[in-house]
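One structure is given below, encoded as structure tokens.
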Amino acid sequence: QVQLVESGGGLVQAGGSLRLSCAASGRTFSRYAMGWFRQAPGKEREFVAAIDRSGVSTYYADSVKGRFTISRDNAKNTVYLQIDSLKHEDTAVYYCAAPSGNYWPVKRYEYWGQGTQVTVSS
């Protein structure tokens, strides 16, 4: 059974940085792409970034390009999301997600973590 556990969220001032982590278990981590999503209060969950199984290919939502960096450490079964130059509108619950199959690019994610809250103060 695939399990995803996010960490690293918190309260941070605008302009600051955070690094979110997602620890995965239950299958061979290095065989699958991974993704990050977020859901702001009163809004639908939206895609943020994705990374292929090797860590070579990535893609981002236009709204976060240049400020967010997704990476992974297959030896640690962990995917990261580095968030720089935080803005108030980045306030959201951030979710780690994984597809059921080893395909790229990912069109659907079947496994989700519980989320970690990021709050940006003005």
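The values are calculated or read from the model by the stated rules, or taken from the named source; none is laboratory data. Since we're looking at a predicted model, the values are computed, not measured. Because the Cβ atoms are built from the backbone with ideal geometry, glycine has one as well, and the counts that use them run over all protein chains shown. Accessible surface areas use protein heavy atoms only, side chains included; no ligands, DNA or RNA. Shrake-Rupley method; radii C 1.70, N 1.55, O 1.52, S 1.80 Å.
The length gained on full extension between residue 17 and residue 31, counted as 0.36 nm times the residue separation minus their Cα-Cα distance, comes to 2.1 nm.
Whenever you get a sec, compute what percent of the accessible area on the chain sits on carbon and sulfur atoms (1.4 Å probe). It is 46 percent, rounded to a whole number.
The loop-placed GluC sites (Glu not before Pro) in segment 37-115, going by DSSP, that have at most 15 neighbouring Cβ atoms within 10 Å of their Cβ come out as 44, 110. Applying the criteria of a DSSP loop state and at most 14 other Cβ atoms within 10 Å to the chymotrypsin sites (Phe, Trp or Tyr not before Pro) of segment 52-116 yields 103. Listed by chain and number, the aspartates and glutamates placed with their C-alpha closer than 13 angstrom to that of residue 43 are 89, 90; residues fewer than eight positions away on the same chain are left out.
Give me the percent relative contact order of the chain, please, defined on Cα pairs under 8 angstrom at least 6 residues apart. It rounds to 36 percent for the chain.
Excluding ligands, DNA and RNA, the accessible surface per residue across the chain is 52 Å² with a 1.4 Å probe.
In segment 31-66, whose amide N lies under 17 Å from the spot 7 Å out along Cα-to-Cβ of residue 114? List them in ranges. Within reach of a label on residue 114: no residues.
DSSP finds beta bridges in the chain, and of those with both partners inside it, around 90 percent are antiparallel. Taking trypsin sites (Lys or Arg not before Pro) across segment 14-122, the ones in a DSSP loop with at most 12 further Cβ atoms lying within 10 angstrom of their Cβ are 43, 65, 76, 107, 108.
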